[in-house]
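Structure first, then comments.
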Amino acid sequence: RAKQQGRATYQVFDTGLDREIQAREASRQRFATALPEGELRLHYQPQVDIFGGEVIGAEALVRWQHPEEGLLAPGRFLPIIEGTALEIELGEWVIEAALRQLQAWCMQGISLPVHVNISPAHLLSGEFAERLAGLLTCYPEVPARLLKLEVVESAAIHDIQTALSVMRHCQALEIDFAIDDFGTGYSSLTHLRQLPVDLIKIDQSFVRDMLTDPDDMAIVESVIYMANRFRRPMLAEGVETLDHARALLALGCARVQGYGIARPMPAEDFPAWLRDWPGRHEWSALAMHLQK
Ligand code: C2E
Ligand code: MG
Ligand code: MG
Ligand code: MG
C-alpha cells in the first residue's frame, strides 16, 4: 500500500514537472517562429539631458507582438531563451533592426544615438565584434558612433579578459559602451576602472525609491560621486517624476530616462515626440531654476 501511495505521489510530481518542462519547451519553440514571422518589434525610449533640455538618445527595447497574447515585454520571453541559440539570434536581430531604424532616421534628418541592450552570452559569444563589423558595413549611411551598446556588469565579470578584448575591438569600430543597471552587480569599482565604458546607467531600482529610502539615496549619491571621480558620464534610469529629476539634477546627474519623460514607444511615434518635447516646459524649467 505504501509502495502504491509512493508511486502515486511520484507520478503526480512527475506529471507536474513534465508539464512545466513541456510548457517551457513549447514557449521556446513558439518563440523560434516569432523571428521568421516578423513578430518582434523595437520600441524606443528617449534619453534627455535636463540641464540643457536636449534629447541625447533613445534606448531600443525589444517587444514581442504575439498574435494571441498581445504586446509582450522582454521579461516574458527573454528568460525562456536564455542560454539557447535563440538568445544570440534575437541579439543579432535587435542590432540589425536598430541599424535599420538608425538609417531611416538619418534619412529623415534625425541624427540620434540609439542604445541597444546586449546579453552577456551574446557579447562573449566569440564572434560578436566581427559580426558587428559585418553588419555595420551593410549600413554605410549610418555613422557607427550612433550605435551604442548597453551591457550589464555581470557580462564583464563573468570573463573579464574576453569582455575587455571584445569591447576594445568594438571601440575600434567607434562603438561606445554603457554599463546598464549599475550598482546591482559586484565589484563595481574595479570594473569601472578597467572597462572601456563611456556611460554609467544608474539602476532604476535605486532611483525609484531614492526620495523615500535614505539607503537608496546613499547609493545614488555614491554612484554619482564615483562616476564623477572616474570622469565618466552617467544617466539615471526610472525617472518617473519631476521630483526625481530635480533631486538628480541637484546631485549633478542631468541625463535621465524614464516614464516621467516618456514611455518606450514605436519608432513611428518618435519624430512627433521629438517635435513636442521642447514644449514640455515643466522639464526645461528645472534647469532654468538651477542656472539662476
Ligand atoms: P533595461 O535595459 O534596464 O531597460 C529599462 C527597463 O525599464 C525597460 O523595461 C523600460 O521599459 C523600463 N522603464 C523605463 N523607464 C521606467 C520608469 O520610469 N519606471 C519603470 N518602472 N520602468 C521603466 P523593459 O522594456 O521591460 O525591459 C526590461 C529589460 O529587458 C531591460 O532592462 C533589458 O535588460 C532587457 N532588454 C530589453 N530589450 C532588450 C534587447 O533588445 N536585448 C536584450 N538582450 N535585452 C533586452
Ligand atoms: Mg538597458
Ligand atoms: Mg537598466
Ligand atoms: Mg534592467
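With each run of n ≥ 4 DSSP H residues scored as -39500 (n - 2.57), what mean residue ellipticity at 222 nm is computed for the chain after dividing by its residue count and rounding to the nearest 500 deg cm²/dmol?
Counting only the DSSP helices, I get -16000 deg cm²/dmol.
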Fill in: Selected from Pro271, Pro140, Pro67 as most flexible by GNM, with the chain as the system and alpha-carbon contacts under 10 Å
Pro67
Response to the item:
the stretch 31-91, convex hull of Cα, quarter of hull surface, nm² -> 5.2
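Kindly state, to the nearest 0.05, the FRET efficiency for Arg280 paired with Ser154, given R0 = 30 Å and r defined as their beta-carbon distance.
Numbers: r = 35 Å, r/R0 = 1.17.
Computed FRET efficiency for Arg280 and Ser154: 0.30.
By its C-alpha gyration tensor, with a ≥ b ≥ c as the square roots of the eigenvalues, how is the stretch 9-116 shaped: rounded for a/c under 1.5, else prolate for a/b larger than b/c, else oblate? Walk me through the intermediate numbers first.
Values: a/c = 3.36, a/b = 2.44, b/c = 1.38.
Prolate shape, in that a/c is at least 1.5 and a/b is the bigger ratio.
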Discussion item. Can you classify the stretch 181-241 as rounded, prolate or oblate using the Cα gyration tensor, where a ≥ b ≥ c are the square roots of its eigenvalues, rounded means a/c under 1.5, and otherwise it's prolate if a/b beats b/c and oblate if not?
Written reply: prolate
Discussion item. Below 8 Å between Cα atoms, with a sequence gap of 6+, how large is the relative contact order for the stretch 106-259 in percent?
Written reply: 17
Discussion item. Is the C-alpha gyration tensor of the stretch 248-292 telling us rounded, prolate or oblate? Criteria: a/c under 1.5 is rounded; beyond that, a/b larger than b/c is prolate, otherwise oblate.
Written reply: oblate
Discussion item. Going by Cα centres, the stretch 197-251 and the stretch 114-185 are how many Å apart?
Written reply: 23
Worksheet item: What is the pair-distance distribution P(r) of the chain, computed from all Cα-Cα distances in 10 Å bins starting at 0, with each bin given as a whole percent?
Response: 6, 25, 31, 23, 9, 4, 2, 0, 0
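Taking 0.36 nm per intervening residue step and subtracting the Cα-Cα distance, what contour gain separates Arg24 from Ala250 on full extension? Please list the in-between numbers first.
Working: separation 226, 0.36 × 226 = 81.36 nm, distance 4.67 nm.
Length gained between Arg24 and Ala250: 76.7 nm.
Can you tell me the alpha carbon radius of gyration of the stretch 80-151 divided by the globular rule-of-thumb value 2.2 N^0.38 Å? Walk me through the numbers before you get to the answer.
Values: Rg = 12.5 Å, N = 72, 2.2 N^0.38 = 11.2 Å.
Its radius of gyration relative to the 2.2 N^0.38 Å reference: 1.12.
Under a Cβ-only charge scheme (Lys and Arg +1, Asp and Glu -1), can you give me the dipole magnitude of the chain about the Cα centre, in debye to the nearest 20?
Working: 27 positive and 40 negative charges, 53 e Å.
Result for the chain is approximately 260 debye, rounded to the nearest 20.
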Worksheet item: Using Cα-only point scatterers and the Debye equation, what is log10 of I(q)/I(0) for the stretch 122-196 at each q in 0.19, 0.21, 0.27 Å⁻¹, rounded to two decimals?
Response: -0.77, -0.91, -1.33
Response to the item:
Quick calc of log₁₀ I(q)/I(0), the stretch 153-292, Debye, one scatterer on every Cα, no solvent, q values 0.10, 0.15, 0.21 1/Å, result -0.39, -0.84, -1.26
Worksheet item: Of the residues Ala254, Ala121, Ala172, which exhibits the maximal mean-square fluctuation in a Gaussian network model of the chain defined by a 10 Å Cα contact cut-off?
Response: Ala172
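Looking only at the chain, where both bridge partners belong to it, what percent of the DSSP beta bridges are antiparallel (to the nearest 5)?
Numbers: 16 of 36 bridges.
DSSP beta bridges in the chain are roughly 45 percent antiparallel.
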Worksheet, complete the sentence: If every Lys and Arg gets +1 and every Asp and Glu gets -1 at its Cβ, then about the Cα centre the stretch 120-168 yields a dipole, in debye to the nearest 20, of 140
Response to the item:
Expected max-MSF residue from Leu149, Leu71, Leu195 in the GNM of the chain (alpha carbon, under 10 Å) is Leu71
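The numbers here are math on the coordinates, done by the rules we state, and not lab data. All figures in this text were calculated on a predicted structure; none of them were measured in a lab. Here Cβ is always computed from backbone atoms with ideal geometry, including for glycine, and neighbour counts include all displayed protein chains.
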